[in-house]
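Working notes, beginning with the structure itself.
The values are calculated or read from the model by the stated rules, or taken from the named source; none is laboratory data. These numbers come from a predicted model, not from an experiment. Cβ placement follows ideal geometry from the backbone for every residue including glycine, while neighbour counts extend to all protein chains displayed.
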There are 4 protein chains.
Amino acid sequence: MKLEAVKIENPDNKYQVIVGQANFTIFTCDDIFKALLTAVPGIKCAVAMNEAAPKLTRVTGNDEKLKELAAKNALAIAASHVFVVMTENAFPINVLNTIKLHPAVCNIYVASANPIEIIVAETELGKAVVGTVDGTAVTRIESEEEKRERRETVAKLGYKLD
Amino acid sequence: MKLEAVKIENPDNKYQVIVGQANFTIFTCDDIFKALLTAVPGIKCAVAMNEAAPKLTRVTGNDEKLKELAAKNALAIAASHVFVVMTENAFPINVLNTIKLHPAVCNIYVASANPIEIIVAETELGKAVVGTVDGTAVTRIESEEEKRERRETVAKLGYKLD
Amino acid sequence: MKLEAVKIENPDNKYQVIVGQANFTIFTCDDIFKALLTAVPGIKCAVAMNEAAPKLTRVTGNDEKLKELAAKNALAIAASHVFVVMTENAFPINVLNTIKLHPAVCNIYVASANPIEIIVAETELGKAVVGTVDGTAVTRIESEEEKRERRETVAKLGYKLD
Amino acid sequence: MKLEAVKIENPDNKYQVIVGQANFTIFTCDDIFKALLTAVPGIKCAVAMNEAAPKLTRVTGNDEKLKELAAKNALAIAASHVFVVMTENAFPINVLNTIKLHPAVCNIYVASANPIEIIVAETELGKAVVGTVDGTAVTRIESEEEKRERRETVAKLGYKLD
């Protein structure tokens, strides 16, 4: 079986990218977008989703650059019923539960601003996402000092108690 | 590692098929079925689920044809703790959240009435679902006219405001 | 404080009635309706919801009789941000989780086809739902025989294993 | 039984107020706050929650004004295990599901920027929230013209498709 690594296009890794599997594309592409509008005030985002018949990438959003990128990435993956969400001013922790609980969503493959590769298998019928590379692989376990430092960083980001 | 594409049997693609991963098969096979009974009035459905020890496909449902197909498809996939739900008069958007929120369910690989292939890897220990082909791959991005048409189709299906 | 029991109008108790508290009426009235469309294939339903400013009952749905009844009942309750859902061919177990997980919903006061009274308190500011009478009160504990019978009834309704 | 209407203090109704019931105050007060930090980027919010023994209002947050108001309002309600969330730059639709899904939360009584009164009953043991007045009561059903206007308003607020 042919396996291919599709690079997600994300200039300067400045956008958040979420890739998942759902169904009922003509409805869901718009409906995930509308659900995202409730998740974060003033969210800028786009949703692209692939449909097997006709063989089209559908796209909706409220930012032209994000729409272009989301559609391009969904088309590059090509596997049917896969969706790509791209956001500018919202993080995955702000929107993942909204997406997970959408009634047409099966699962989420990856959510990250790292460089991403989607591993796609190809059969005679079509294509399938079989895995995702979400940034570089790790090489060792953190030290106690590094654990302390990451917690300080989290606190600096505002995730702390008064 | 050996990879195989298992075709889901679904005559005329007239049934909806949902494939996922869960655990506690002897309980879960029946309990997902009972949960589905609450999701849609008069739902016709079957749930088949694989168990590693003993090496059996378990099946339950309220329609003999759906039970036969769900069990056959689960057995063809063979991977342990994988379940196959088949429904006749309910769509994935009617039941996916019920399944996702079931306490024994890990995730859902695919939900569709498209032709489906389940990509299965085989190791010395057993088998694993590594991806799903959910219909043919896409080839281009929709035009504005095609976007307008799909929204009209969604409205014709009843998803519109008065 | 003045307390009043508002009778829910429901001819022959043939419709299912759900009363709850939410917010952002101009958005939510329509959006709960659209969420219900995904819950049950071919659902007939209406959503009415009260808004404090302007002092209006908003209503949407896909059945004129249900819209009229839902709006009339919401207006009779009058408390702001209260919504009334009425369905013809769907039961609360088919739609309650969809409503509970809607991002604008606080809670659900009652869901039933029993005769219902909503207990409403009135202050100088406005009105508040303080409780619901959902059918007649009970008088004793079931016997073992009655427990067996109710389980048979549940099975006759289709909630049984093959 | 003594019933009292406790006015929520909210200068110019400029903050969003959410009142609910939970448990395990010493843990939950901080943990709802931390959950809110994941819901909206840069959220400004405070959580106050009442504890029966010792008889204290606990409070946490990242904005001194919101902490003062949330604590004052929780203390005025006084009922044990009641929590008050106040936010400045986030709406209830951005955070309600995060709160509803928190493992210590029972339910949410009200979520609004309207003038709010919490109806509190007092027994020998303590106090109970029995209802909420969430703005003024409604007086009539919207016209078709008013329905059209509210949908235009929702679209102007950004809840629309491209």
### Query
Can you name the residue in the stretch A:9-23 that is in contact with a Ser or Thr (Cβ under 9 Å, 6 or more places away or on another chain) and either without any contact (Cβ under 8 Å) to a residue 60 or more places away in the chain or closer than 21 Å to B:T136 by Cα (or both) and, of all such residues, is surrounded by the most Cβ atoms within 10 Å (Cβ to Cβ)?
A:A22
### Message
Need the failing condition index for B:A137 against (1) over 29 Å from C:L101 (Cα atoms); (2) part of a loop (DSSP other than H, G, I, E, B); (3) among the small types (G, A, S); (4) in contact (Cβ under 8 Å) with a residue 60 or more places away in the chain, just the number.
### Response
(4)
### Query
Do you know which residues across the stretch A:34-58 are buried (at least 24 other Cβ atoms within 10 Å of the Cβ) and under 15 Å from the mean Cα position of the chain (by Cα)?
A:L36, A:C45, A:A46, A:V47, A:A48, A:M49, A:N50
### Task
Please verify whether the stretch C:130-150 includes one or more residues that are closer than 20 Å to C:A52 by Cα and either within 14 Å of chain D (Cβ to nearest Cβ) or crowded, with 23+ Cβ neighbours inside 10 Å (or both).
yes
## Note on the structure
Residue set A:A52, A:A90; condition small (G, A, S) and either free of Cβ contacts under 8 Å to residues at least 24 places away in the same chain or closer than 22 Å to B:G131 by Cβ (or both); output residue A:A52
### Query
Of the numbered conditions (1) assigned to a helix (DSSP H, G or I); (2) more than 10 Å from every other protein chain (Cβ to nearest Cβ); (3) surrounded by fewer than 23 Cβ atoms within 10 Å (Cβ to Cβ), C:I26 satisfies every one except a single condition; which is it?
(2)
### Summary
Within the stretch C:115-134, the count of residues that are part of a loop (DSSP other than H, G, I, E, B) and over 13 Å from the mean Cα position of the chain (by Cα) comes to 4
### Query
If a residue has to be touching a residue at least 12 places away in the same chain (Cβ under 8 Å) and surrounded by 19 or more Cβ atoms within 10 Å (Cβ to Cβ) to count, how many in the stretch B:93-103 make the cut?
5
### Query
Just checking, how many residues over the stretch D:140-162 are assigned to a helix (DSSP H, G or I) and modelled with pLDDT under 95?
0
### Task
Kindly provide the set of residues from the stretch B:64-114 that are within 11 Å of another protein chain (Cβ to nearest Cβ), outside any helix (DSSP H, G or I) and in contact with a Ser or Thr (Cβ under 9 Å, 6 or more places away or on another chain), ordered by number.
B:F91, B:V105, B:Y109, B:V110, B:S112, B:N114
### Query
Does at least one position in the stretch A:59-69 carry a residue that is crowded, with 24+ Cβ neighbours inside 10 Å, at pLDDT 95 or above, farther than 21 Å from A:P115 by Cβ and of a type in the set (A, V, I, L, M, F, W, C)?
yes
### Task
Assess whether D:E117 counts as being among the acidic types (D, E) and touching a Ser or Thr at 6+ places or on another chain (Cβ under 9 Å).
yes
### Query
Which ones in the stretch A:112-125 are over 22 Å from B:I18 (Cβ atoms) and surrounded by fewer than 22 Cβ atoms within 10 Å (Cβ to Cβ)?
A:S112, A:A113, A:N114, A:P115, A:E117, A:I119, A:E122, A:E124
